[in-house]
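Trainee: Quick one: this structure, given as structure tokens, is what I'll be asking you about.
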Amino acid sequence: MFKFLPTLVRWSRIPLVLAGTALLAGCEYNFWRMDGHQSTIAVEGPVAREQLQVFYVTVWVTLVIFVLVGGVLAYATLKFRARNDADEHAEPPSQSHGNPLIELSLIGASVLALVIIAIPTLRGIWYTYDVPEADKANAYEITAHGFQWWFKFEYPAEQAAGENNTKMTLVTGNELVIPAGRPVRVHLRTVDVIHSFWVPKLAGKVDMIPNRANHLWMQADKPGYFWGQCAEYCGDSHAVMRFRVIALGPRDFNDWLEQQLQTGRTVQGNVASADQPRAQFASLRTFKQNEAGISDRFDLQPLEAWKAKQAPEANEDPRLVARGRELFSQKQCNGCHTIRGHGAGGITGPDLTHVGSRTTIAAGLIENTPEQLQRWIHNPSAVKPGNKMAVGYIQQKITLTPEDEVALVAYLLSLK
Ligand code: CUA
């Protein structure tokens, strides 16, 4: 009996070794530091740190249980195994009905293990539920809305310039800029299905549930650039429903706010009809070479890349920008998107008033470069399957020539 076991053990090593190699090779980041973009181990804020503490306590308690139970099991298996034919056919030892002392101690040990886990868990639940009382006055309020498939961020305290000197609440999309070192309370809402708000290095996850007012709070220790992700299955493009959190020091944050409160930037230029702009961006083949659409530089120095993105593009062509602005209303983009000060007031899609100053587009999926932006407006479905913009193209019979795309890209990138 069990003669096949040694062979089985020998062979089972192969998939293990293969899986291990693949795992190590697949990690772009230091495997042992576990500090990837969405690491819950390399945390950078008090809320995520509290959550990590609960994780560690649970891991240690369960590890002790595993070693103890596994040790007893291994000991019994080896010590009382059948060594020969006589053992195999022997009568089993006399059965007892348990040992009260052992049973009581096991119950006691289980209760103790649960209490050890429960204390930090309960403390963590209270701590992460809301901003600590002493810090409440200092908290910054934001409302995050989940859409299929992107995030809208609203700043209730900030009144931005709208059309004709009107004021409206400041709204951004997919990139949430927060003050560093200050508690931020995020009110969580959804306009359609259940989504979940999660910034692994800072806080989360809490669901955005229809007709329910959820909230969470988070704080970044210092300025930084953080990766967020919808963490509740919400349809076709759930896996690519991402967002970013950019934490800035007080001065940078105020500068950013000041810029955001302005209407969309206007570039002076006239649309020369005789001299139509030519498509000048990379071909679709270039896009293919970088499916992820994130450049190395951006990946390694995201905060610097974000700061650089706040300034106007280096080779801006005023003529192209003006043509793009014209196309934006001609092609009815304004039916779904808002650009404050440019006569565009749609609310189905993200607010684009300052889209040129964001590092990513398409819900944080691809980098906001001319090539990627053109790839996105050329065929949105190829980037984010099932999204509403692709449906809008079909319903409104919108077609774009390569020249149109280039002009629209120039216009969008000019919106700083
Ligand atoms: Cu939104 Cu998953």
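Trainee: Under the condition of being under 18 Å from LEU106 (Cα atoms) and open to solvent by less than 80 Å² (accessible area, probe 1.4 Å), which residue from the range 66-95 is modelled with the lowest pLDDT?
Mentor: ALA76
Trainee: Among the residues of the range 25-41 satisfying the criterion of being of a type outside the set (Ser, Thr, Tyr) and touching a Phe, Trp or Tyr at 6+ places or on another chain (Cβ under 8 Å), which is modelled with the highest pLDDT? Talk me through it step by step, then tell me what you get.
Mentor: The first filter runs over the range 25-41 and keeps only residues of a type outside the set (Ser, Thr, Tyr), leaving 25-28, 30-38, 41.
Keeping just the survivors that are touching a Phe, Trp or Tyr at 6+ places or on another chain (Cβ under 8 Å) gives 35-38.
Working: ASP35: 80, GLY36: 83, HIS37: 86, GLN38: 89.
If we take residues in the range 25-41 being of a type outside the set (Ser, Thr, Tyr) and touching a Phe, Trp or Tyr at 6+ places or on another chain (Cβ under 8 Å), then GLN38 is modelled with the highest pLDDT.
Trainee: Condition (residue is modelled with pLDDT of 60 or more, within 16 Å of the ligand (Cβ to nearest atom), open to solvent by 40 Å² or more (accessible area, probe 1.4 Å) and under 20 Å from the mean Cα position of the chain (by Cα)) applied to the range 241-252: is it met by at least one residue?
Mentor: The answer is yes, given that some residue of the range 241-252 is modelled with pLDDT of 60 or more, within 16 Å of the ligand (Cβ to nearest atom), open to solvent by 40 Å² or more (accessible area, probe 1.4 Å) and under 20 Å from the mean Cα position of the chain (by Cα).
Trainee: Please work out if ARG182 is open to solvent by 30 Å² or more (accessible area, probe 1.4 Å), assigned by TED's automatic domain parsing to the domain that holds GLN51, in a loop (DSSP other than H, G, I, E, B) and within 16 Å of the ligand (Cβ to nearest atom).
Mentor: Details: open to solvent by 30 Å² or more (accessible area, probe 1.4 Å): yes; assigned by TED's automatic domain parsing to the domain that holds GLN51: yes; in a loop (DSSP other than H, G, I, E, B): yes; within 16 Å of the ligand (Cβ to nearest atom): no.
It is false that ARG182 is open to solvent by 30 Å² or more (accessible area, probe 1.4 Å), assigned by TED's automatic domain parsing to the domain that holds GLN51, in a loop (DSSP other than H, G, I, E, B) and within 16 Å of the ligand (Cβ to nearest atom).
Trainee: Output the residues belonging to the range 294-353 that are hydroxyl-bearing (Ser, Thr, Tyr) and open to solvent by less than 20 Å² (accessible area, probe 1.4 Å). Full working, then the answer.
Mentor: Here is the first cut: in the range 294-353, the ones hydroxyl-bearing (Ser, Thr, Tyr) are 295, 329, 338, 348, 353.
Within the range 294-353, THR338, THR353 meet the criteria.
Trainee: Here's a follow-up. Looking at (1) crowded, with 23+ Cβ neighbours inside 10 Å; (2) in a loop (DSSP other than H, G, I, E, B); (3) within 16 Å of the ligand (Cβ to nearest atom); (4) of a type in the set (Gly, Ala, Ser), find the lone condition where GLY235 falls short.
Mentor: So GLY235 meets the others, but not (1).
Trainee: Tell me which of these ASP192 doesn't satisfy, since it passes every other one: (1) without any contact (Cβ under 8 Å) to a residue 40 or more places away in the chain; (2) surrounded by fewer than 19 Cβ atoms within 10 Å (Cβ to Cβ); (3) within 16 Å of the ligand (Cβ to nearest atom).
Mentor: (1)
Trainee: Considering only the range 384-404, state which residues are open to solvent by less than 50 Å² (accessible area, probe 1.4 Å), among the hydrophobic types (A, V, I, L, M, F, W, C) and free of Cβ contacts under 8 Å to residues at least 24 places away in the same chain.
Mentor: ALA390
Trainee: Restricting to the range 200-232, give me the number of residues that are out of contact with any strand residue (DSSP E or B) (no Cβ under 6 Å at 6 or more places or on another chain), more than 15 Å from the ligand (Cβ to nearest atom) and open to solvent by 40 Å² or more (accessible area, probe 1.4 Å).
Mentor: Selection size over the range 200-232: 5.
Trainee: Inside the range 247-260, can you point out the residues that are among the aliphatic types (A, V, I, L, M) and under 13 Å from SER357 (Cα atoms)? Full working, then the answer.
Mentor: We begin by selecting, within the range 247-260, every residue among the aliphatic types (A, V, I, L, M); these are 247-248, 257.
Matches in the range 247-260: LEU257 only.
The rows are residues; the columns are (1) within 16 Å of the ligand (Cβ to nearest atom); (2) aliphatic (A, V, I, L, M).
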site: GLN95; (1), (2): no, no
site: GLY124; (1), (2): no, no
site: HIS145; (1), (2): yes, no
site: ALA157; (1), (2): no, yes
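Trainee: Okay, next question. Can you find a residue in the range 374-394 that is assigned to a loop (DSSP other than H, G, I, E, B) and in contact with a strand residue (DSSP E or B) (Cβ under 8 Å, 6 or more places away or on another chain)?
Mentor: Filtering the range 374-394 for residues assigned to a loop (DSSP other than H, G, I, E, B) gives 379, 384-387.
Narrowing further to those that are in contact with a strand residue (DSSP E or B) (Cβ under 8 Å, 6 or more places away or on another chain): none.
Scanning the range 374-394, I find no residue that is assigned to a loop (DSSP other than H, G, I, E, B) and in contact with a strand residue (DSSP E or B) (Cβ under 8 Å, 6 or more places away or on another chain), so the answer is no.
The values are calculated or read from the model by the stated rules, or taken from the named source; none is laboratory data. Values in this document were obtained by computation on a predicted structure and should not be read as measured data. No Cβ is skipped: glycine too gets one built from the backbone with ideal geometry, and neighbour counts run over all protein chains shown. The accessibility values were calculated without ligands, DNA or RNA, using every heavy atom of the protein model including side chains. Shrake-Rupley method; radii C 1.70, N 1.55, O 1.52, S 1.80 Å.
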